[in-house]
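The values are calculated or read from the model by the stated rules, or taken from the named source; none is laboratory data. Bear in mind the structure is a predicted one, so any value in this text is a computation, not a measurement. When we count neighbours, we look across all protein chains shown, and the Cβ atoms used for this are built from the backbone with ideal geometry, even at glycine. Side chains are part of the model used for accessible areas, which takes the heavy atoms of the whole protein and leaves out ligands, DNA and RNA. Shrake-Rupley method; radii C 1.70, N 1.55, O 1.52, S 1.80 Å.
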Amino acid sequence: WQARPGSSFLPDALITSDPGLSTMMTRYPHSEGWQWLPVHPWQAGVLRRAPAYHHWRSRDALIDLGEAGTDWFPTSSLRTLYSPHAPAMLKFSLSVRITNSRRVLRMDEVMRGQLVRDIFSSKQGKALRHRCPTLGILHEHGALALTTLDGHPLAESFVIFRDNPFPPDCTSYVMATLYQEGANGTASMVS
């Protein structure tokens, strides 16, 4: 399953930005019907227990490539991963309780992210950006998911392709960390 097919932030852009993935993907080209689905390391174990995973594997329609490519790092959100080389960050469903809820993406959330992007691309959105040039929104450009046996996206497998605003040589901090004292009692960065 995919939303926004053909978007430059879908897997092709990530694959070509990472030599390790480019080499691997020559074995499974799009021209033969293959689609790359990145998976959060935590979520990989969950998906390997899903009936849809076993269904598609038994039909040779799903190949588990395991860990591949360059390193990715968590952002301030454990389920959003960043890599300096990548043109997009990856936001995943994560079947773990964080801040009192299970963080599995729903279809309406996936579609809402794309709706926000469409609004900011509209005439009104462009006018807002002109009036507020320092306002920045991380847009979501597409999503992928494994399909269930009945043809619906498997919520636990969703990955959203989000703007990556951080250039490779950039050092960024979450605002809260500037004021947080170190675990060993050291002063905060602004002290």
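Once the other residues with Cβ under 11 Å from the Cβ of G20 are scored (Lys, Arg +1; Asp, Glu -1), what is the net sum? Display every interim value, and only then the final one.
On the way: positive: none; negative: D18, E67, D71.
Overall, the nearby charge balance is -3.
A 1.4 Å probe, protein heavy atoms only, puts the accessible area of Y179 near 150 Å².
Residue by residue, region 152-158 carries 3J(HN,Hα) couplings of 9, x, 7, 3, 5, 9, 4 Hz when phi is fed to the Karplus relation 6.51 cos²θ - 1.76 cosθ + 1.60 (θ = phi - 60°); x denotes Gly or Pro.
Please compute the length gained on full extension between S121 and A187, using 0.36 nm multiplied by the number of residues separating them and subtracting their Cα-Cα distance. Before the final figure, lay out the partial values.
Working: separation 66, 0.36 × 66 = 23.76 nm, distance 4.31 nm.
Net length gain for the segment: 19.5 nm.
In the chain, taking the dipole from charged Cβ atoms about the Cα centre, the farthest positive-side position among S17, H85, A176 is held by A176.
Quick check: at a probe of 1.4 Å, how many percent of the accessible area of region 93-191 sits on carbon and sulfur atoms? Taking all protein chains in place, region 93-191 shows 57 percent carbon and sulfur surface.
Can I get the semi-axes of the chain's equivalent ellipsoid? Compute them from the C-alpha gyration tensor as square roots of 5 times the eigenvalues, in angstrom, largest first. All intermediate terms of the calculation are to be shown ahead of the outcome.
Values: eigenvalues 179, 97, 65 Å².
Ellipsoid half-lengths, sorted descending, are 30, 22, 18 Å.
Cα centroid separation, region 24-76 to region 102-150: 24 Å.
The residues of the chain expose, per residue, 61 Å² of accessible area to a 1.4 Å probe.
Would you calculate a helix-derived [θ] at 222 nm for the chain, using -39,500 (n - 2.57) for each DSSP H run of n ≥ 4 and dividing by the full residue count, to the nearest 500?
Working: 7 runs with 57 residues, N = 191.
After summing the helix terms and dividing by residue count, I get -8000 deg cm²/dmol.
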